[in-house]
Amino acid sequence: MRPSFHGMIAARCKTKAVSRCCGLLLLLKAYQLDHGHLPATLDALVPDYLAQVPADPFDGKPMRYSAERKIVYSVGENLTDEAGKETVPQMQDDGYGTRRNPPDIVFHADF
């Protein structure tokens, strides 16, 4: 059996998204230690903590952050920004049978 090209690309993007979210969590914690609070936006990390906000590997736009919800996230495989929604949306037909329409990839800054 050969893995699908789409599946390989999606897995690589997910790995990059997870890595970037984890890196951003570390930088958010460093910012919090230095300033006593989390930043309002990821842009506040530039240039002291980052040269630029990293791109979401799924859509090329900057990684997402919600200061109110204390989350960092990627739009994930469905390429839809669902504002950090973590539940699985309804099923979607991809033309090859039915598959899941995965939610955003979300990490919590619970510190």
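Values computed for the structure shown
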{"quantity": "Restricting region 38-48 to residues that are over 21 Å from ILE105 (Cβ atoms) and part of a loop (DSSP other than H, G, I, E, B), the residue that is least open to solvent (accessible area, probe 1.4 Å)", "calculated": "VAL46"}
{"quantity": "Residues of region 5-41 satisfying the condition of being of a type in the set (Phe, Trp, Tyr) and either at pLDDT 95 or above or touching a helix residue (DSSP H, G or I) at 6+ places or on another chain (Cβ under 9 Å) (or both)", "calculated": "TYR31"}
{"quantity": "Out of LYS29, LYS16, sole residue that is open to solvent by less than 90 Å² (accessible area, probe 1.4 Å), farther than 15 Å from ILE71 by Cα, in contact (Cβ under 8 Å) with a residue 24 or more places away in the chain and part of a helix (DSSP H, G or I)", "calculated": "LYS16"}
{"quantity": "Subset tally (residues that are modelled with pLDDT of 95 or more and open to solvent by 70 Å² or more (accessible area, probe 1.4 Å)) for region 59-80", "calculated": "5"}
{"quantity": "ASP56, sole failed condition from (1) open to solvent by less than 70 Å² (accessible area, probe 1.4 Å); (2) under 16 Å from ALA109 (Cα atoms); (3) charged (D, E, K, R)", "calculated": "(2)"}
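The values are calculated or read from the model by the stated rules, or taken from the named source; none is laboratory data. From a predicted model like this one, the values you see are computed outputs, not experimental measurements. We place every Cβ from the backbone using ideal geometry, glycine too, and count neighbours over all the protein chains shown. When the accessible area is computed, the model is the full protein with side chains, heavy atoms only, and any ligands, DNA or RNA have been set aside. Shrake-Rupley method; radii C 1.70, N 1.55, O 1.52, S 1.80 Å.
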